[in-house]
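Participant: The structure that follows is given in the form of C-alpha cells.
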Amino acid sequence: MAQDRPSSASVRKREARATSLSNWQRRCEASSKGRWTFRLIPDVGEWTGRKHGQVDFYLTQALSGHGCFRNYLKRFGHKSEDFCPSCGSGVTEDPLHILFDCRRFEEDRLTLEEILEEAFTPSSMVPQMLQTPVKWEAIAVFVAKIMTELRDQERARNGREE
Ligand SMILES: [Zn+2]
C-alpha cells in the first residue's frame, strides 16, 4: 500500500538515527579520542534530544577539545610545549584546565557561577546547559570569551616568535 511507505520510511529513519546514536555512544566509550566529549556528555540521547541550545563554533571547540588548547596544538606539531603559560610547567593546557581551573579565567568563572548559582564542573556543565536557556547562554558566553582569548593569546605569541 502506498500510504505505508512514508511511515515505514520514517520508522527506518528513526531506527537509523537510534543506531547511529548508539554507535556514537559506543565509539565515545571505546576510544580515547572521544573521551573528553563523553566525560562532558555521558548521555548522548539527552543531549541530542534537547529542547533548546545552539552549539556554536566555540562550544564545539570546548566540547570536542579541538581548539586553541596547547595540548591539542602540540598533538599536531603546532607547539612544542603544552604547559599553561599562566599556570606554569607541570600544568597541561587542555580543555579541563582551561574551562575549570586556569587562573586566567577565574573572574569569568566566578561571574558564571553567580548566574548558575552553583559550581561549574565537568560533570555539571552539560546538565546545567540543558536545564534552562539562560544557563545555556551564560555558559556559551563564558566559553566564547575564553576561546577567543586563547586564540588571541596564541596569535600574539606566534607573532612574537616570528
Ligand atoms: Zn592555566
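Participant: Between helix 4-30 and the chain, what is the angle of the helix's C-alpha long axis to the longest principal axis, kept within 0 to 90° and rounded to the nearest 10?
Facilitator: 30
Participant: What lysines could a cross-link reach from K145, if we take a straight Cα to Cα line under 17 Å and drop same-chain neighbours fewer than 8 places away?
Facilitator: Result set, ordered by chain and number: K135.
Participant: Would you list, by chain and number, the lysines whose Cα falls below 21 Å from the Cα of K13, excluding same-chain residues fewer than 8 positions away?
Facilitator: Output for K13: K51.
Participant: If R0 is 22 Å, what FRET efficiency do you get for E149 and E46 from their C-beta distance, rounded to 0.05?
Facilitator: Once rounded, the FRET efficiency stands at 0.15.
Participant: Could I ask something else about it? Which angle from 0 to 90°, rounded to the nearest 10, does the C-alpha axis of helix 133-161 make with the longest principal axis of the chain?
Facilitator: Result, in degrees: 40.
Participant: Also, quick follow-up: Restricting to DSSP H runs of at least four residues, report the calculated mean residue ellipticity at 222 nm for the chain, -39500 (n - 2.57) per run over all residues, nearest 500 deg cm²/dmol.
Facilitator: Taking each H run of at least 4 residues, the total per residue is -20000 deg cm²/dmol.
Participant: Given the alpha-carbon gyration tensor of the chain, what are the semi-axes of its equivalent ellipsoid in whole angstrom, ordered largest first, with each equal to the square root of 5 times an eigenvalue?
Facilitator: So the three semi-axes of the chain are 35, 20, 14 Å.
FYI, it's all coordinate maths here, none of it is from the lab. None of the values given here were measured: they were computed from a predicted structure. FYI the Cβ positions are ideal-geometry reconstructions off the backbone, even for glycines, and counts take in every protein chain you see.
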